[in-house]
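Below: one structure, written as structure tokens.
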Amino acid sequence: MELIPPPGGDQNRGPELLAITWTFTALALIVVIVKIYTRFKIVHETGLDDFLIFVSTVRSYAVYESVIGLLMDFAFLSSSS
């Protein structure tokens, strides 16, 4: 069975997807930074939730980097054949 390309031909929407992903990731990072700043400088008290939010933010960046690396490797391998 042969795959039929979409109308208008094959379209690479990867750059748009990356732009949207990194925009929302940067927005989330800004929110986390403001939250941690507020807890340290204004409230003078931190909790487990602050630590967990920080860890999840760092892990999300690691996952994004891994996915982007895998996609770039896949694109490189598929274009060479």
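Any read-out appearing in this document is the output of simple, stated calculations on the displayed coordinates, not a laboratory observation. Computed from a predicted structure; not experimentally measured. Don't worry about glycine lacking a Cβ; one is built from the backbone with ideal geometry, like all the others, and counts go over all protein chains shown.
Other residues lying with their Cβ under 14 Å from the Cβ of Thr25 contribute a combined charge of 0, Lys and Arg counting +1, Asp and Glu -1.
Each other residue within a Cβ distance under 13 Å of Asp50 adds +1 if Lys or Arg and -1 if Asp or Glu, for a net charge of +1. Is the C-alpha gyration tensor of the chain telling us rounded, prolate or oblate? Criteria: a/c under 1.5 is rounded; beyond that, a/b larger than b/c is prolate, otherwise oblate. Because a/c hits 1.5 or more and a/b exceeds b/c, the chain counts as prolate. For the chain, a Gaussian network of Cα nodes joined below 10 Å ranks Val31, Val58, Val43 by mean-square fluctuation, and the top entry is Val43.
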